[in-house]
Amino acid sequence: MTSNNSAFKAIADPARREILRLLRDGEMTAGDLAERFDTSKPTMSHHFAVLVEADLIARRREGQTIWYSLNTTVLQDVVAWMMDLTEPTGRKK
């Protein structure tokens, strides 16, 4: 798993959280995702790169089109880690 720090850095930005939310329903192209935001292509590329580096999303190229999808395994690991933080220390198994 990627470090928790990179995952938390990735989800700290509201735009990146929105990208993750949009990908919940399935794979989307970079263009389809970018249409949902009022920002430049370089900014969107940066958001995608941060999410890929944190291993929260996966990308694949199909010709000239880049497709993005959620890496649900890593997201589940991050959520489980966060839930461990909220559990009282005396009650851990």
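Which three lengths, in whole Å and largest first, does the stretch 1-67 cover when its Cα atoms are put on their principal axes?
31, 25, 23
Quote to one decimal, in nm, the extra length available between residue 59 and residue 43 on full extension: 0.36 nm per residue of separation minus the C-alpha distance between them. Each step should come with its number before you reach the end.
On the way: separation 16, 0.36 × 16 = 5.76 nm, distance 1.69 nm.
Extending this stretch completely gives an extra 4.1 nm.
Taking K and R as +1 and D and E as -1, what net charge do the other residues with C-beta under 13 Å from the C-beta of residue 19 add up to? Don't skip to the end; give the middle numbers.
Working: positive: 16, 17, 21, 24, 36, 59; negative: 13, 18, 25, 27, 32, 35.
Once all neighbours under 13 Å are counted, the net charge is 0.
Report the full-extension gain for the segment residue 15 to residue 32: residue separation times 0.36 nm, less the Cα-Cα distance, to one decimal in nm.
Net length gain for the segment: 4.7 nm.
With labels modelled as points extended 7 Å from the Cα through the Cβ direction, what inter-label distance (nm, one decimal) is found for residue 52 paired with residue 25?
2.4
Just so you know, all these numbers are worked out from the coordinates, no wet-lab data involved. All values derive from a computational prediction rather than experimental measurement. When we count neighbours, we look across all protein chains shown, and the Cβ atoms used for this are built from the backbone with ideal geometry, even at glycine.
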